[in-house]
Every structure is written in structure tokens, then in C-alpha cells.
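Enquirer: One structure, as C-alpha cells, below. Some questions next.
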Amino acid sequence: MPFIPHTEQDVREMLAVIGAPSIEALFDEIPASLRVASLPDVPVGLSEFEIMQLMSARARQDGQPLCFIGAGAYEHHIPAAVWSTVTRGEFYSAYTPYQAEASQGTLQTIYEYQTMMASLTGMQVSNASLYDGATAVAEAVLMAVRANRRSKSARILMPRNLHPHYRAVALASAGNQGVKFEELPYERGSGHTSIEALAPFAGQDFTALVIAQPNFFGVFEEVDALTDFAHAHGALVIAVVNPTSLALLKPPGQWGQKGANIVVGEGQPFGCPLSSGGPYFGFMCTRMEHVRQMPGRIVGRTVDLDGRPGFTLTLQAREQHIRRAKATSNICTNQGLLMMAGTIYMSLMGAEGLERVAALSMTRTEQLARALTAIAGVRRVFARANFHEIVLALDRPVAPVLAALRARGIEGGLDLSDYFPELGCALLVCATETKTTADIDTYARAMSEVLPAARAA
Amino acid sequence: MSLPMREQLIFQYSRAGRGARAQWPPAVPADAPVVPEALRRQQRPLLPEASELDVVRHYTRLSQLNFSIDTHFYPLGSCTMKYNPKACNAAALLPQFAGRHPLASASHGQGFLACMFELQEMLKAVSGMRAVALSPLAGAHGEFAGVAMIRAYHRARGDLERNEIIVPQAAHGTNPATASMCGCIAREVAVGPDGDVDLAGLRAAVGARTAGIMLTNPSTLGVFERRIEEVARIVHEGGGLLYYDGANLNAILGKVRPGDMAFDAIHMNLHKTFSTPHGGGGPGAGAVGVSARLMPFLPLPIVAREDGAQYRWLGERDLPQSIGRLASFAGNAGVLLRAYVYMRMLGREGMQRVGEYATLNANYLSAQLQQLGFDAAYPQRRASHEFILTLKKQSQEYGVTAMDVAKRLLDLGFHAPTTYFPTLISECLLIEPTETESKQTLDAFVTAMAQILREAQQEPEQLLRAPHTLPVRRLDDVRAARELDLSYHGVER
């Protein structure tokens with residue numbers, strides 16, 4: 001029997017100990033009217049060989065297109081040592097480290113992760129991961145409402161140039177608790193949120209301002225001025241950041257006069273395969289003054305009975321298994337294994353390696369933008385410095401162009417016309433350090449062939 | 001036991017100028033674009049400067065400080081720590097699946113989407129629900145989706161007063177926490193001495209404000225709620241809906257379906273019942289299933305099969321009443337692929353065997369431990385896939401607690417059962433062996449428990465000071481919370 005080790009003799013002996021005539025008899029407390037005899041809608045079982053044949057065939061069907069989509073998930077080189085270590089059974093098949101003495105490996109890794117993330121973001125504390133970037137934003141919003149006791153409005157200023165999926169998730173997750181979202185427009189010529197966009201809220205009560213750095217368009221924001229405006233109004237600042245970019249960018253803890261209050265983002269760029277959207281990990285860092293409002297698990301270093309250092313889950317009185325209805329969040333299972341991949345990734349890259357990844361990604365995106373905008377009918381939309389993504393405008397609808405590129409084995413970017421109809425025929429493209437000059441040439445050549453053809457059609 | 005006893009922090013391997021250079025991309029040319037000066041980072045973050053060997057050896061050593069399913073029997077109640085077949089991982093990490101961008105077109109994803117569609121169909125079949133969405137990222141996230149759908153259902157009917165969620169006394173902490181996150185009020189109902197919900201209390205609690213009830217069945221007490229049909233009738237007649245917390249689905253897989261028990265919404269922990277790895281705390285996946293009346297409210301996105309057997313994601317236009325998007329993309333796709341492979345390998349007969357052998361193992365272990373002299377919390381009831389021992393007697397007679405027994409088990413090479421949950425039962429151990437453990441492993445556990453009982457009587461110090469053989473001894477949790485040390489600052493204290 002697949003994955004069930006019992007022999008017939010085992011079963012006989014076990015039933016004799018229980019004093020039951022059959023396995024079936026063990027279900028005698030369940031009303032007979034509710035029982036099912038079989039599951040005809042589930043296919044019959046396959047051997048490991050058969051399922052691997054099927055999965056390999058389906059994987060081949062999907063292929064490996066040359067992909068220039070970013071939009072919240074980024075293809076970076078993942079060192080071989082990351083997943084060979086992460087998939088060790090001792091990490092892969094362990095549970096949440098509730099029994100600290102039997103889980104020091106996981107707990108120490110989390111402590112190291114917390115250290116790295118706090119340093120990268122310029123904050124004092126990090127939790128042990130949330131689900132993903134979008135849910136981390138939603139949790140940050142709820143945390144800000146709890147932490148900002150001066151504000152009574154539960155009103156959150158949310159820039160339109162934050163990832164549209166993050167905005168949607170925040171609304172679906174926090175809307176049920178009476179949180180009100182106000183959308184901040186972006187400058188049409190530059191793509192950033194200018195301080196003028198905040199003017200209508202001057203002198204008003206709002207709980208927190210969300211700042212995305214870089215924003216969804218890849219454009220850098222003037223974070224210092226935005227941060228100071230929020231703090232001058234007694235509001236908290238929620239920074240939503242790309243972790244790779246932090247190798248080069250001023251950490252949120254140093255934004256403006258006082259620094260951001262809560263820093264969240266998508267950890268996927270650190271060692272997580274793209275994998276159609278997950279599993280990734282969300283990260284969250286904050287200042288010590290807000291730590292008791294932070295959701296998720298936190299590991300602390302302490303001592304054992306002999307006075308020697310050891311690691312344990314701490315501040316658990318915030319969590320659902322202790323505080324129940326009054327917990328900071330309902331989160332229990334998080335994304336521990338992906339956090340571990342992120343920790344090993346950061347350890348291998350170090351500060352210098354991460355700087356190189358960030359700088360080369362920025363460079364490749366600029367090369368791509370130059371190559372594409374050299375083609376008639378393609379232009380830049382925003383005149384402002386950007387990280388590793390850029391918005392381009394086409395002189396015709398984007399969807400048929402992307403379809404034609406797809407036929408040539410290229411995923412040419414994200415069509416923004418549904419998300420940002422005000423931008424017209426706009427395309428968001430990304431090139432990380434994994435894209436070579438030859439890859440960029442391939443894309444540009446395909447685009448230059450596709451555009452005239454699309455015009456002729 | 002030859003566990004390495006400790007390992008320094010990764011930061012202590014750092015030496016200025018060292019690095020895993022083979023992993024780094026080349027430096028950029030001098031004329032490369034740069035970050036505007038005002039936004040530039042001035043000081044490098046504290047990341048290790050270590051060689052690849054340093055990093056591999058460090059994290060390999062750390063891994064060896066862990067207990068895991070691959071190394072130890074792990075009978076953690078309520079967590080379903082069954083074996084995670086290796087093929088599931090191998091298939092999910094095939095380069096085309098691992099490398100597929102979440103926003104890549106459906107034309108570059110028909111193979112992946114076919115797996116997702118068939119997973120939805122299989123989960124419908126085993127749960128008895130009408131439709132399934134895969135995007136919730138963990139059990140508690142699925143609970144959120146379920147309660148949000150229940151709330152959306154009442155609102156769509158103009159029934160705006162219904163904001164109470166009933167939970168049994170012994171419910172998982174996530175249940176009341178989820179009710180709060182959905183803007184509802186959690187209201188507890190009592191559980192009777194036999195472990196079933198107190199129906200008189202339930203009748204008194206159900207009313208015009210009832211949005212629904214959240215139940216696990218078998219309950220957290222390790223017994224099947226026998227009057228589930230009556231519970232469903234009371235709640236439905238009162239205008240509420242029923243939510244099934246799938247944490248204990250392993251017990252009844254292939255034997256009873258939540259849909260047939262009249263539940264309206266359910267989440268399934270794919271990292272429990274469908275054997276995806278727990279990863280030291282995650283990732284999970286909390287697919288949700290619904291009855292017909294909740295179908296319009298399912299979270300986005302969902303895979304549909306169109307004419308010509310083409311698969312595509314359904315979005316807002318297709319499901320305008322949806323509670324919306326709950327995750328950055330389509331959910332923990334890599335976890336979903338692992339669950340898909342597991343379900344295909346087990347097939348329809350294997351699914352039924354899961355519930356059968358999980359139940360056989362739990363009842364056998366319960367019987368053996370009771371013969372040793374341990375007290376079951378519900379001796380008159382059948383165990384489901386898990387059961388509760390109460391060590392009240394041992395604690396009174398020998399002064400040892402459930403925690404002492406748990407820690408001593410670690411010394412003897414077994415991960416401890418869940419301790420002190422549910423809180424309804426004093427000095428309890430919640431034990432869930434799962435179907436993938438052999439009789440021989442269970443017998444070894446019984447032998448260890450016999451030794452512990454003997455030690456409790458004759459040399460309780462062995463328990464009170466346990467564990468003796470692990471990398472650390474009992475930790476000072478009070479100090480951990482009072483003198484917060486949550487990150488390393490470059491200097492050892």
C-alpha cells in the first residue's frame with residue numbers, strides 16, 4: 001500500500017489489542033447515513049514512475065520562455081547550495097519549532113534571518129516571515145491601526161503605484177475590520193507620488209501612509225519628504241520595499257527625520273523559485289516600540305538551565321494559540337522553509353554580492369529599455385530614475401504584441417492596460433542579472449519584427 | 001545519540017573580504033546607471049562574509065540540531081506529521097514548473113494549469129463540496145476566506161446583523177482569531193462530558209446575530225462529533241452557515257465528507273492531509289471548498305477548463321461577487337503541485353486508506369498506552385486519528401507534568417506530542433501517530449512511555465530535568481520575553 005507500512009499480520013495484531021473485529025469497526029461512532037463507500041471521482045493511483053512521466057510531460061508542455069516579466073516576482077540566480085540545503089529532511093520535514101530543544105536548527109536560522117533583515121531594512125526587529133508580499137502589506141496596515149493610538153480614523157493613505165494585487169489583498173483582508181483606504185495618485189509624467197498628492201490630507205487625521213520603494217512602475221520615490229509629512233501628522237509610515245534594491249538604497253529605517261515605522265515586502269527575490277506565484281515569503285520589520293503589535297512568530301535568544309545560549313519562540317502572548325480572539329493576527333503556519341532559503345541566499349551573497357545583483361539588474365533593465373525604445377513605436381512613459389523595471393508605451397494595443405512575442409518563445413512583459421487604463425498601451429518590463437546582452441538583443445529583434453507585422457495586420 | 005552540541009552564528013564565520021564569489025554576478029561597468037545620491041545606502045548591511053563551504057557546513061550542522069519526520073517519529077497532535085514522499089518535491093522542482101513566472105501567459109502554463117484544475121476536482125471529490133479555490137496560503141488563511149465568504153453571503157442577502165461566529169470551547173486558536181480578523185465576534189459554546197458539543201448551549205447561542213459556526217470534526221478532543229446532523233440543523237434553521245476547519249480531515253478522509261455533513265465552507269490543510277512538508281513552520285496551503293450558495297463568493301483566482309480543454313484563471317470579471325484576492329498571485333503553487341502528485345499517487349483507494357490506517361494507528365497506540373496505566377481523556381470513546389492522554393494522576397502522585405514527559409521523550413528519540421492543548425483537559429498530551437508509521441515504531445514509542453512511567457515513579461529527576469541529551473537544556477522563556485534579544489549586533493554578550 002503506498003506510504004502505509006502495515007502488513008496483514010500487523011493489522012491483525014493491532015485489532016486484537018484494540019479489541020475491534022475490523023478497521024471498519026473503528027468508524028462505528030459515525031452515523032451510517034453519512035458514510036461514503038468509495039470515491040469514484042478520484043482517479044486510480046499511479047506509481048512514482050507513472051506520475052513523474054506525467055509531470056515531466058506537463059512541464060515540457062509549459063516550456064521555458066525567455067521571460068521579461070517582473071511585477072512582484074523576479075528571476076534571480078539561485079545558488080545550488082540554497083535548495084540542496086533547504087531540502088534536507090531535517091529542515092524540510094520539521095514542524096513549527098514549538099519544542100525548542102528539538103528545533104534549535106530552525107530557531108537559530110530564524111534568529112540569523114531576523115538579524116539580516118533588521119540590518120538590511122535599518123530596523124530593530126524582524127518577525128519570522130508572513131505569507132507573501134501582499135499579505136505582509138495587509139498585516140502592516142492592521143498593525144498600524146493597532147500601534148497608532150493617536151489616530152482614531154483607521155484611515156490609510158495608499159498610493160496607486162503600489163502593486164495592484166497588494167492593494168486588492170489589503171482591501172480584501174483589512175476592509176472587514178473597518179479600515180478605510182484613500183488612494184494617492186501618481187505624477188503622470190514621472191510615475192512617482194509627489195508631495196502634492198498628499199496636500200488634500202494636510203491637517204487631517206490619518207493612521208498611516210504606505211510608501212512603495214521602488215514603486216510598481218520601478219520608479220524611485222522621494223521617501224524622505226513623504227515620511228516626514230506622515231510623521232508631522234502623527235501617522236505611521238509603512239515602507240513596501242524590494243529586498244534586492246536595499247543593497248543600494250537608503251534603508252527605510254533612515255527615511256526622513258525619524259525613519260519608517262513598519263517595513264514589509266516580498267522575500268521571493270532571495271532564493272525562491274518563481275514557481276507560478278509561490279511559495280514565497282513575506283517579510284516584516286519594525287521598531288522595538290511596536291514589537292508587541294507585530295503579527296507572526298518571533299525568535300529570541302535566551303539561556304538554558306546551565307546558562308548556555310539557546311533560541312526559543314518568544315512574545316507568544318501576541319499569537320492566536322495564546323490570545324485567541326484578541327491575537328494580533330490569525331496567522332499560524334508561515335513560510336518557514338522559504339525564509340530559510342532567503343537566509344542561505346543572503347549568507348552566500350553577502351552585502352557585496354547583493355550589491356552586484358542589484359546593480360547589474362538595474363543595468364540590464366536600462367539596456368533593455370534603450371534597445372526597445374530604439375524601435376519605432378516604443379517609448380518610455382516616465383522620465384524618472386528606476387530600479388529594475390520600467391514602463392514602456394507602445395503605439396498600439398499591447399495584448400496582440402505580447403501574443404506575437406509569445407509565439408517566438410518570449411514573455412515580453414506585463415500588459416498594464418487592465419491595471420492602469422489611464423496609461424493607454426503600456427507595458428511593464430523587467431530584466432534582472434539573469435538576462436544577458438544576447439537575451440536583450442533577442443527580445444529587441446523580436447519586437448522590431450513583431451511591431452511592423454502587427455501594424456500591417 | 002550523536003547530535004552535534006552547538007553551532008556558532010553564521011556571522012561569526014565572517015572575515016572581511018571573504019565571500020562566495022562563484023555565486024556573484026560580475027561587477028557593473030563604470031558607466032552603469034546609479035541610484036540618485038539622496039536615495040543611496042551609506043552603510044552596508046550586516047550580512048555574512050563567508051565562503052560557500054562555510055555556509056553549507058553551518059546550515060547543514062544547524063539542520064542536524066532538528067528533529068524531523070525524516071529522522072524521528074513525530075506524533076504531534078493536530079499537526080498530521082506524516083511522511084512527505086520525495087517524488088512530490090522532485091516534480092514541483094522540475095525546471096519548467098519552478099521557473100514559471102506567476103504572470104506568464106496561460107499558453108506557457110497549460111501543463112501547470114491542468115494539474116491545478118485536476119487538484120480542484122479531486123479536492124471536491126474528497127470533500128463533497130461543490131467548488132474549490134486554491135489560493136489561500138495556509139490553514140488560517142483558508143479560515144479567513146471561509147468566514148469572509150460567510151459574511152459576504154449574509155451581506156448580499158441584506159442580512160447585516162449577523163456578525164457572531166460560534167466556536168466550541170476547545171477550538172483551535174485560529175478559529176476565534178479568524179472571526180476577529182473578519183470583523184466578527186467569537187462566541188464560545190460548551191462541550192459536554194462525552195466530548196460532543198452541548199446542544200442545549202448551542203440552541204441558546206444561535207440567533208438572529210449568528211453568522212455561522214466553526215467546527216472541526218473529529219473535534220480537537222480527538223473524537224467524532226456524533227450529533228453533527230443535529231448541529232447542522234440547529235445552525236441552518238437559525239439562519240447561520242457551517243464552517244469546517246479541515247485540520248483533522250486526515251481522520252475521515254475517504255470515510256465521511258464534510259459536504260455530506262452539510263458544511264457550507266471548508267478549508268483543507270494540504271500540508272497536513274495531503275502530505276506537503278511543514279518546512280519548520282511553513283509553507284502550507286489552505287484550499288477552500290464551498291456549498292452551492294457560497295460559490296459566487298470564492299476567492300480569486302480559480303482555474304477553469306474551457307472548450308477545447310484549454311485552461312485559464314478566472315478573475316474579477318468572471319466572479320464579480322468574489323471576496324477578492326487573498327495572495328500576491330495564485331497561491332502557494334509549488335505546494336499545490338506537491339499535493340497534486342501525492343493525491344495522484346494514492347488514488348481513490350489510497351485516499352480511503354489514509355483515514356483507515358490513521359485511525360487504526362491512533363486506536364492501537366491509545367489502547368497500548370492505557371494498558372500501561374495512562375488515562376485517556378475520553379476512554380469510553382473511539383479515538384479518531386488522534387487521542388488525548390491526561391496525566392493528572394501522574395502529576396498528583398509523582399509531581400511530574402505533561403511537559404516533563406514531553407521533554408523526556410525527546411531524550412529517548414521521539415518528538416513530543418502536542419502538550420497543553422486543548423486547554424480543556426488538564427496535563428494533556430494530544431497524540432497523532434498518522435498512517436505512515438509502522439506498528440514497530442508505535443511499539444518503540446510505547447516502550448519509551450513505559451520507561452518514562454517507571455522513571456516518574458522511581459527517579460522523577462530524570463523527567464524534571466529532561467532533556468539531558470539535546471543541544472540545549474530547558475530554556476528560560478521568561479528571560480527571552482523580558483530581555484528581548486531578537487537579533488545579533490556584532491558583539492557577543
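Enquirer: Count the lysine pairs in chain B whose Cα atoms sit under 30 Å apart, keeping only pairs 8 or more residues apart in sequence or on different chains.
Expert: 23
Enquirer: Given R₀ = 56 Å, what would the calculated FRET efficiency be for B:ALA16 paired with A:GLU50, taking r from the Cβ atoms and rounding to 0.05? Kindly include the intermediate steps, with their values, before the conclusion.
Expert: Details: r = 54 Å, r/R0 = 0.96.
Result of the calculation: an efficiency of 0.55.
Enquirer: Rounded to two decimals, what is Rg over Rh for chain B when you use alpha-carbon atoms and the Kirkwood radius?
Expert: Numbers: Rg = 25.2 Å, Rh = 25.1 Å.
Radius of gyration relative to Kirkwood radius: 1.00.
Enquirer: In addition: Taking just the alpha-carbon atoms of the range A:80-344, what radius of gyration and Dmax come out, in angstrom?
Expert: For the range A:80-344, the Cα radius of gyration and maximum Cα-Cα distance read 18.4, 64 Å.
Enquirer: Let me ask you something else. Any chance you could get the radius of gyration and Dmax over the Cα atoms of the range B:355-478, in Å?
Expert: 14.0, 43
Enquirer: Starting from the range A:161-250, pick out the trypsin sites (Lys or Arg not before Pro) whose DSSP state is loop and whose Cβ has at most 15 other Cβ atoms within 10 Å.
Expert: Numbers: sites: A:ARG167, A:LYS180, A:ARG188; in loops: A:ARG188.
When the trypsin sites (Lys or Arg not before Pro) of the range A:161-250 are filtered for loop state and at most 15 Cβ neighbours within 10 Å, A:ARG188 remain.
Enquirer: May I ask for the Rg/Rh ratio of the range B:87-346, computed from Cα atoms with Rh as the Kirkwood radius, given to two decimals?
Expert: On the way: Rg = 18.1 Å, Rh = 18.6 Å.
Expressed as Rg/Rh, it is 0.98.
Enquirer: Now, a different point. For the range A:63-150, just the Cα atoms, rotate onto the principal axes and tell me the three extents in Å, largest first.
Expert: If we take the Cα atoms of the range A:63-150, the spans are 52, 43, 23 Å.
Enquirer: Separate question: With just the Cα atoms defining each centre, how far is the range B:413-447 from the range B:311-383? Give it in Å.
Expert: Using only Cα atoms, the two centres lie 18 Å from each other.
Enquirer: Remind me, what semi-axes does the protein assembly as shown give for its equivalent ellipsoid, largest first in whole Å, using sqrt of 5 times each Cα gyration tensor eigenvalue?
Expert: Working: eigenvalues 397, 196, 153 Å².
Equivalent ellipsoid semi-axes, largest first: 45, 31, 28 Å.
Enquirer: If I model the range B:3-159 as equal point scatterers sitting on the Cα atoms and use the Debye formula, what is log10 I(q)/I(0) at q = 0.08, 0.09, 0.21 Å⁻¹?
Expert: Rounded to two decimals, the profile gives -0.54, -0.67, -1.37.
Enquirer: How long are the semi-axes of the equivalent ellipsoid of the range A:352-400, defined as square roots of 5 times the Cα gyration tensor eigenvalues? Whole Å, largest first.
Expert: Working: eigenvalues 126, 19, 18 Å².
Calculated on Cα positions only, the semi-axes equal 25, 10, 9 Å.
Enquirer: Here's a follow-up. Nearest-5 percent of antiparallel DSSP beta bridges in the protein assembly as shown?
Expert: On the way: 51 of 86 bridges.
Percent antiparallel among DSSP bridges in the protein assembly as shown is about 60.
Enquirer: Still on this structure, I have one more. Using 0.36 nm times the number of residues separating B:GLN380 and B:SER438, minus their current alpha carbon distance, what extension gain do you get?
Expert: Gain in length upon complete extension: 18.3 nm.
Enquirer: Could you give the C-alpha radius of gyration of the range B:120-268 expressed as a fraction of 2.2 N^0.38 Å, taking N as the number of residues it contains? Mind dumping the intermediate values first?
Expert: On the way: Rg = 14.0 Å, N = 149, 2.2 N^0.38 = 14.7 Å.
Rg over 2.2 N^0.38 Å, computed on Cα atoms: 0.95.
Enquirer: Using +1 at the C-beta of Lys and Arg and -1 at the C-beta of Asp and Glu, which of A:PHE206, A:GLY122, A:PHE3 has the Cα lying farthest in the positive direction of the dipole of the protein assembly as shown?
Expert: The residue sitting most towards the positive pole is A:PHE206.
Enquirer: Can you tell me the equivalent ellipsoid semi-axes for the range A:251-338? Use √(5λ) from the Cα gyration tensor, largest first, whole Å. Write down the numbers at each step before the final one.
Expert: Values: eigenvalues 115, 79, 56 Å².
Equivalent ellipsoid of the range A:251-338: 24, 20, 17 Å, largest first.
Enquirer: Based only on Cα atoms, what mean projected area does the convex hull of the range B:258-335 have, in nm²? Before the final figure, lay out the partial values.
Expert: Working: hull surface 26.6 nm².
The number I arrive at for the range B:258-335 is 6.7 nm².
Enquirer: Computed from the mean reciprocal separation of all distinct C-alpha pairs, what Kirkwood hydrodynamic radius does the range B:10-63 have, in Å?
Expert: On the way: mean 1/r = 0.0733 Å⁻¹.
For the range B:10-63, inverting the mean 1/r across all distinct Cα pairs yields 13.6 Å.
Enquirer: Now for a different question. Run through all the Cα pairs of chain A and give the fraction in each 20 Å bin from 0, expressed as whole percent.
Expert: Whole-percent P(r) values from 0 Å outward: 22, 48, 25, 5, 0.
Enquirer: By Kyte-Doolittle mean hydropathy of at least 0.0 and Cα axial length of at least 18 Å, which whole DSSP H helices of chain A are selected? All intermediate terms of the calculation are to be shown ahead of the outcome.
Expert: On the way: long enough: A:48-62 (21 Å, -0.59); A:104-121 (25 Å, -0.16); A:133-147 (20 Å, 1.33); A:336-373 (42 Å, 0.55); A:437-456 (29 Å, 0.03).
Counting only whole DSSP H runs, the qualifying helices are A:133-147, A:336-373, A:437-456.
Enquirer: Just the number, please: percent antiparallel of the DSSP beta bridges in the range B:87-346, rounded to the nearest 5.
Expert: On the way: 14 of 30 bridges.
Bridges in the range B:87-346 are about 45 percent antiparallel.
Enquirer: Going toward the positive end of the dipole of the range B:1-114, with +1 on Lys and Arg Cβ and -1 on Asp and Glu Cβ, which of B:TYR74, B:PRO102, B:ALA87 do you reach last?
Expert: B:TYR74
Rule-based calculations on the coordinates, nothing more; no lab input. Source: prediction; values computed, not measured. Backbone-built Cβ (ideal geometry, glycine too); neighbour counts: all protein chains shown.
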